[in-house]
Amino acid sequence: ALRAYALSVKTYCEVGKFTVAGQLERKIAMIHYRIQHFDDAASHFQKAANFLSGDKNMEQSELCQEKAAECYVHIGEYREAFRVYDSLANSCVSSNLRRFEARNFLMKAIICLFGEIIATAEVERRPGSPNRPSSPLHGELPAPSNNKNDGPLVTSLSLDQLQLRYLNKYSEIENKIMEYNSIDYLWKSSRHQKLLRNLLKYRRERDLHS
């Protein structure tokens with residue numbers, strides 16, 4: 001079935017029927033989604049979105065982008081999911097019909113940034129892991145010192161470096177919460193922002209005492 005759909009997509013693209021091609025790509029994506037092949041599903045949802053937007057079918061295109069972002073979350077690609085949700089929020093603001101959906105997308109975008117931080121911290125806690133990510137939010141943690149005189153919790157990070165790391169950890173999230181005030185005038189007083197600020201406060205206090 002997937003091969004037949006793929007051949008049909010190619011045929012419709014050749015004759016310029018991009019809306020039909022996009023709808024078929026969405027069907028392919030849904031097949032992968034149902035069997036939890038989220039990586040492939042995300043790729044096909046994005047292709048479907050591109051085909052549909054090419055024919056100015058923006059509503060269906062954005063629905064496909066939203067499903068692609070959901071797939072990125074499933075596979076731990078939080079930065080990519082953030083970009084998609086951020087783009088959808090900006091698109092909603094420019095449309096009177098979808099303006100009130102912008103806050104949901106803005107909140108999901110910032111939650112993806114939280115997810116990236118938590119996922120990175122999980123990897124960093126695995127000693128010798130070959131999958132340590134190089135994230136702009138985090139520096140590499142040094143190996144603990146083997147010197148018994150240093151004590152079990154001492155690393156090569158100075159106290160100033162630890163404090164800077166703590167302050168910078170959530171700086172992008174805090175900046176985004178403020179930046180979104182200029183995107184949607186309803187964001188500043190929304191329950192979405194209040195929830196995120198409470199979550200940010202909780203995560204900082206948790207990190208400080210952990």
Filtering the stretch 79-101 down to residues that are aromatic (F, W, Y) and surrounded by fewer than 20 Cβ atoms within 10 Å (Cβ to Cβ) yields F100
List the number of the failed condition for R126; all other conditions in (1) at pLDDT 75 or above; (2) surrounded by 10 or more Cβ atoms within 10 Å (Cβ to Cβ); (3) out of contact with any Leu (no Cβ under 9 Å at 6 or more places or on another chain) hold.
(1)
Of the residues in the stretch 178-210, how many are open to solvent by 90 Å² or more (accessible area, probe 1.4 Å), in a helix (DSSP H, G or I) and closer than 21 Å to S95 by Cβ?
1
Complete set of residues in the stretch 102-113 that are open to solvent by 20 Å² or more (accessible area, probe 1.4 Å) and either within 24 Å of Y33 (Cα to Cα) or without any contact (Cβ under 8 Å) to a residue 12 or more places away in the chain (or both)
N104, M107, K108, I111
Tally time: how many residues in the stretch 32-58 are within 19 Å of L97 (Cβ to Cβ), open to solvent by 50 Å² or more (accessible area, probe 1.4 Å) and touching a residue at least 24 places away in the same chain (Cβ under 8 Å)?
2
Of the residues A29, A68, only one is open to solvent by less than 30 Å² (accessible area, probe 1.4 Å), under 25 Å from V123 (Cα atoms) and free of Cβ contacts under 8 Å to residues at least 60 places away in the same chain; which?
A68
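The values are calculated or read from the model by the stated rules, or taken from the named source; none is laboratory data. None of the values given here were measured: they were computed from a predicted structure. All Cβ positions, glycine included, derive from the backbone under ideal geometry; neighbour counts span all protein chains shown. Ligands, DNA and RNA are excluded from the accessible area calculation, which covers all protein heavy atoms including side chains. Shrake-Rupley method; radii C 1.70, N 1.55, O 1.52, S 1.80 Å.
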